[in-house]
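Bear in mind that the values in this text are calculations on the coordinates, not laboratory data. Every value quoted in this text rests on a predicted model; they were computed, and no experiment measured them. Here Cβ is always computed from backbone atoms with ideal geometry, including for glycine, and neighbour counts include all displayed protein chains.
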Amino acid sequence: MQLLKGHWQLIVITGLLFLLWNTPVVIPLKILIVFLHELSHALATLLTGGSVVDLSLSPQQGGHVISRGGNRFIVLSAGYLGSLLLGVVLLVIAVQTKMDRLAVALFGVVTLLITAFYIRDLFPFVFCSVTGLGLLAAARYLDRRINDLLLRVIGLASMIYVPYDIFDDTIRRSGVRSDAFMLSEEFGGPTLFWGGLWLVLSLAVIVLCAKHGLGQNSNLTFSKHRSRNRRARFSKDSQK
């Protein structure tokens, strides 16, 4: 009962995402999560001394990163787990801090920088440009609570998408040339092992986030206290 009372908004958002998951409404959000996946590959490449040649997305929710150098084990492992961690970070920022506008703005800036430096194809260029500019506009013009809600939706969508994608790409269709398939080729071990390991790790991260990252109450409040104070000050000024 306390769980439902303290986190009913996150539960509702999660339920809506599941309900709409296979509808066209969620496709842009899914492509954004794929962008987080490819962004994680790109960041892992750069952080381990490599260089990124190209990053691309497709309308069919696919994508790739072409890179040179870097630590291949970390780069290949970063796609699923990195996008999950990015989703968790966005969710925790929304729930635990007041830095919603800053986080949305930084997300927009990073998206535009990646677009400018690494994206060459038309669809991902348009999608990421519009997304980055939209995020900057949201951070600049929309209420903090709207930015908070935006972070929650993106974060929760990533946390839902990643375990499903790991299962679908590496376990249900283990013959597909996925990140786990390439890791198996380069470092040994069956695809199912790497996919299963990533699935267990992703579920563990989600449980830890739910247990320690959300606090006792994650619900957004829409208090009228500030507006009442403003009306009171206006009334006093009028009497003077």
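What are the extents of the Cα atoms of the range 154-226 along their three principal axes, listed from largest to smallest and rounded to whole Å?
Result, largest extent first: 60, 19, 18 Å.
Hey, what number do you get for the chain at 222 nm if only DSSP H runs of n ≥ 4 count, each worth -39500 (n - 2.57), divided across all residues, to the nearest 500? Walk me through the intermediate numbers first.
On the way: 9 runs with 169 residues, N = 240.
Computed mean residue ellipticity for the chain: -24000 deg cm²/dmol.
Per-residue HN-Hα couplings for the range 207-221, Karplus 6.51 cos²θ - 1.76 cosθ + 1.60 at θ = phi - 60°, whole Hz, x for Gly and Pro?
Rounded to whole hertz, the list is 4, 5, 5, 5, 7, 10, x, 9, x, 7, 9, 10, 6, 6, 10.
What is the extension gain from residue 22 to residue 187, computed as 0.36 nm multiplied by their sequence separation minus the C-alpha to C-alpha distance, in nm to one decimal?
The span from residue 22 to residue 187 would gain 55.9 nm if fully extended.
Debye calculation, C-alpha points only, no solvent: report log10 I(q)/I(0) for the range 1-60 at q = 0.18, 0.29 Å⁻¹, in the same order as the q values.
For the range 1-60, the Cα-only Debye profile gives -0.76, -1.12.
At 10 °C and 1.306 mPa s, grab the translational diffusion coefficient of the range 2-239 from Stokes-Einstein with a Kirkwood Rh over Cα pairs, rounded to a whole number in µm² per second.
On the way: Rh = 19.2 Å.
Rounded, D is 83 µm²/s.
How many nm separate the modelled label positions at residue 168 and residue 98, each set 7 Å beyond the Cα in the direction of the Cβ?
Those two pseudo-labels are separated by 4.0 nm.
Using the charge dipole of the chain (Lys, Arg: +1 at Cβ; Asp, Glu: -1 at Cβ; taken about the Cα centre), state which of 184, 200, 36 has its Cα farthest towards the positive end.
After comparing all options, I get 36.
From the backbone phi of the range 116-132, what are the Karplus-calculated ³J(HN,Hα) couplings (6.51 cos²θ - 1.76 cosθ + 1.60, θ = phi - 60°) in whole Hz, Gly and Pro given as x?
So the J values, rounded to whole Hz, are 5, 8, 10, 9, 10, 7, 5, 4, x, 5, 5, 4, 6, 5, 5, 5, x.
Stretch residue 220-residue 137 to full length: gain in nm at 0.36 nm per residue minus the Cα-Cα span?
Details: separation 83, 0.36 × 83 = 29.88 nm, distance 2.14 nm.
Stretched out fully, the residue 220 to residue 137 stretch lengthens by 27.7 nm.
Just report the Cα centroid separation between the range 175-211 and the range 67-107, whole Å.
18 Å
Tabulate in residue order the Karplus-calculated ³J(HN,Hα) for the range 186-201, using 6.51 cos²θ - 1.76 cosθ + 1.60 with θ = phi - 60°, rounded to whole Hz; enter x for Gly and Pro.
Residue by residue, the range 186-201 yields 8, 10, x, x, x, 4, 4, 5, 5, x, x, 5, 5, 5, 4, 5 Hz.
Can you list residues whose amide H is under 5 Å from residue 54's amide H, if they're 5+ apart or on another chain and H is modeled 1.01 Å from N?
66
With an 8 Å cut-off on Cα pairs and a minimum separation of 6 or more residues, tell me the relative contact order of the chain in percent. Please list the in-between numbers first.
Values: 308 pairs, mean separation 53.9, N = 240.
That works out to 22 percent.
Can you compute the modelled spin-label distance between residue 176 and residue 121, with each label point 7 Å from Cα toward Cβ, in nm?
Reported label-point gap for residue 176 and residue 121 is 1.5 nm.
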